[in-house]
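Below: the structure, in structure tokens.
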Amino acid sequence: MSDNTNISLAPRGEGVRRTGEGPLGFFFRFFIFLKRIRHCAGFGVQSPTDYAFVREVIYERWPYALYAELEAHYGDTSSFLLKLSQLLLRVSNYAQASQIGVIGTLPPVMEAHLKAGCRKSEIMKIPIQPPSLLPRGGETLDSIGVSKKSLPREGRDRYPLLIATELNEQWQEYISQEHIISFDLYYLGIAFYDEKRYTEGHVINFY
């Protein structure tokens, strides 16, 4: 896949959407910005921890040292895709997670930034299966096409950090589980597993 490939999105069953830098890209993102105007800058986020994450990670404007190195390698990447990739670097660096689950297709430029944020993290691409990867009655891991290695070590079917480039039913079911803190950025989904907290979801206007 080319680094300039648009990201496929299927939020809430609304069908596949594109976020490329084509002639209509700016107008599309401006429409989404207006639609989510009430969710700017952490407005409505009650948790101090989540508010700090929104303000200091999602909306961080200061450049990280690794930006220049990665941008030199992926120089032909569209500006918005690069912006999303840099966000993943910040999130990965913030979480320092042992494992990062991924729902959907992760273009090379995004995967490189995700790995650069925390070198110790193991990227786990979740198969297209129900979010609970544990077999049900009469099933085995082999029969549903899931390897033991793909099972997360923490929380069983819950990853310390999960990134979704497709906000589909699998994402919706995943974030409905207990102890999941999620952030819906429309173009991306970010979810943390915190056993000390109740499930909570936030809508963020990412621009």
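Summary of values
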| item | result |
| --- | --- |
| Least to most buried among ASP184, ASP194 (fewest other Cβ within 10 Å first) | ASP194, ASP184 |
| Burial ranking of peptide ranges 30-36, 120-126, 99-105 (average Cβ count within 10 Å, highest at the top) | 99-105, 120-126, 30-36 |
| Sequence of SER79, SER92, SER85 once ranked by neighbouring C-beta atoms within 10 Å, starting from the fewest | SER79, SER92, SER85 |
| By average C-beta atoms within 10 angstrom, highest first, the peptides 197-207, 164-174, 66-76 | 164-174, 197-207, 66-76 |
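No value in this document is a laboratory result; all are computed from the given coordinates. Please read these numbers as outputs of a predicted model, since none were measured by experiment. Note that we place each Cβ from the backbone using ideal geometry, even for glycine, and neighbour counts take in every protein chain shown.
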